[in-house]
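As structure tokens, the structure follows; a few thoughts come after it.
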Amino acid sequence: MSALRIAIVAGETSGDILGAQVIEALKKRIPNIEFEGIGGPRMTQAGLSSWFDMERLAVMGLVEPLKRLPELLSMRKQLKQHWLKHPPNLFLGIDAPDFNLNIEIALKAQGIPTAHLVCPTVWAWREGRVKTIAKACDDLLCLFPFEPRSFEGTKVRAHFVGHPMVEALEELPSDADIRAALHVGDERVLALLPGSRRSEIESLLPIYMEALELCDFPHDIVIPASNRANFDLIQSIVATFSIKPRVVIGGSRELLKIAEFATVTSGTATLEAALLDCPMVIAYRMSSVSWFFIKRLLKTEFAGLPNIMLGRAVVPELIQEALTPRALADELQVLMGTGTLAQKAAFKEILSALDTRFGDQCASVLVNTLGR
């Protein structure tokens, strides 16, 4: 009996992590199965035959994708031609919607089952993509329980499969080991997460530091830097303030696990904080020009994933003009009192909603599709 062939394309590290979990889960259910396409080291180790360097797909910004457009179009054309000539039993696109949806449309039109993992944020902006997604995939694997609602009335089967972050965070070291690694002992910890982009750090960290100087915090203040360059940048900024936080390289998840509360730049880290039961203030500010356009595209009332999931303002958000040192200091003072209680209760709701064993859920959907 010939092996089932699954074609998979992941475009960046986060997709490589997800893809490896899906491959492992499918191999447990279908021993005679092969995987081909594009992935990173984790997917390759799990059993994928990767035909291109995944990093060639991981382009960001406005200019870099244009420079690489001929190469990206050539890669996509080669993949489509191969799979149209040698149809796989199923194609799975992992995130990278600008690259993958086009492949999915071509394959689905020829009767090849298609699935897409990670729902594009149609619930936040560019709602018109719903029609394109429905045209592209038979099954849409969503990480958040509210996402399938956006596809009601379409032909796409949208499934909530849970969030892989739940299981990843369960594997973190113990609090005692984390404290030893960070050299914080038994001190109360306030975490400052100013973002991973240089522009975010330069814009937001000075505000965070000014807020701390307006208050008296009996905490060990720790700032995680995502790499050496950001470490040096953060050190240069905090050196101009009287408060001297500890700056560490990496370990943002570990830090959130032991922190009493945090200031978190809006993004995925807000969900990490919630799942790690770390109360927070969500903060963000971008250029006035960018905000002028983005706020007209936004469909959501909230910026932070915890509030979006809950559908109510549990975590305070200080966005754009609302983010001032005084406002942030006031919110942190609330957290130092009893302001953490409501957040911690709400975080239990989020954990309960997302904890569904991601890999197994994805495998169940895909096995059902293969059996249709």
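The values are calculated or read from the model by the stated rules, or taken from the named source; none is laboratory data. Please read these numbers as outputs of a predicted model, since none were measured by experiment. So basically every Cβ, Gly included, is an ideal-geometry build from the backbone, and we count neighbours across all protein chains shown. In case anyone asks, the SASA skips ligands and DNA or RNA and just uses the protein heavy atoms, side chains included. Shrake-Rupley method; radii C 1.70, N 1.55, O 1.52, S 1.80 Å.
Details
Listed here are the residues, each with its yes/no results for (1) modelled with pLDDT of 90 or more; (2) within 25 Å of the chain's Cα centre (by Cα); (3) over 23 Å from Ala168 (Cβ atoms).
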position	(1), (2), (3)
Ile8	yes, yes, no
Gly11	no, yes, no
Gln21	yes, yes, no
Pro31	no, no, yes
Ile38	yes, yes, no
Arg42	yes, yes, no
Ala46	yes, yes, no
Leu66	no, yes, yes
Lys77	yes, no, yes
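- Taken over the stretch 48-64, the criterion of being modelled with pLDDT of 85 or more and open to solvent by less than 40 Å² (accessible area, probe 1.4 Å) is satisfied by Leu48 alone.
- Helices (runs of 4 or more DSSP H) fully within the stretch 251-353 counting 1 or more residues that are at pLDDT 95 or above, more than 26 Å from Ser150 (Cβ to Cβ) and not aliphatic (A, V, I, L, M): 252-258, 325-336
- Tally of residues being open to solvent by less than 70 Å² (accessible area, probe 1.4 Å), out of contact with any Phe, Trp or Tyr (no Cβ under 8 Å at 6 or more places or on another chain) and not hydrophobic (A, V, I, L, M, F, W, C) across the stretch 14-31: 4
- Checked against (1) assigned to a strand (DSSP E or B); (2) open to solvent by less than 10 Å² (accessible area, probe 1.4 Å), Ala158 passes all but condition (2).
- Just one of the numbered conditions (1) surrounded by fewer than 19 Cβ atoms within 10 Å (Cβ to Cβ); (2) charged (D, E, K, R); (3) under 20 Å from Asn307 (Cβ atoms) is not true of Lys244: (3).
- Some residue of the stretch 120-131 being at negative phi, in contact (Cβ under 8 Å) with a residue 60 or more places away in the chain, crowded, with 20+ Cβ neighbours inside 10 Å and within 16 Å of the chain's Cα centre (by Cα): no
- Residue, surrounded by the fewest Cβ atoms within 10 Å (Cβ to Cβ), within the stretch 161-187, restricted to residues that are modelled with pLDDT under 90, under 25 Å from Ala283 (Cβ atoms) and more than 21 Å from the chain's Cα centre (by Cα): Glu187
- Residue within the stretch 195-208 that is assigned to a strand (DSSP E or B), modelled with pLDDT of 90 or more and either touching a strand residue (DSSP E or B) at 6+ places or on another chain (Cβ under 6 Å) or crowded, with 16+ Cβ neighbours inside 10 Å (or both) present: no
- Candidate set from the stretch 125-145 (those that are among the small types (Gly, Ala, Ser) and either assigned to a helix (DSSP H, G or I) or touching a strand residue (DSSP E or B) at 6+ places or on another chain (Cβ under 8 Å) (or both)); member that is modelled with the highest pLDDT: Ala136
- Scanning the stretch 144-166 for residues that are among the charged types (D, E, K, R) and out of contact with any Leu (no Cβ under 9 Å at 6 or more places or on another chain) yields Arg149, Glu152, Lys155.
- The residue list Leu214, Leu271 contains one member that is more than 21 Å from Val184 (Cβ to Cβ) and buried (at least 21 other Cβ atoms within 10 Å of the Cβ), which is Leu271.
- The residue of the stretch 357-372 that is nearest to Pro88 (Cα to Cα), among those that are open to solvent by 40 Å² or more (accessible area, probe 1.4 Å) and either among the β-branched types (Val, Ile, Thr) or in contact with an Asp or Glu (Cβ under 8 Å, 6 or more places away or on another chain) (or both), is Val367.
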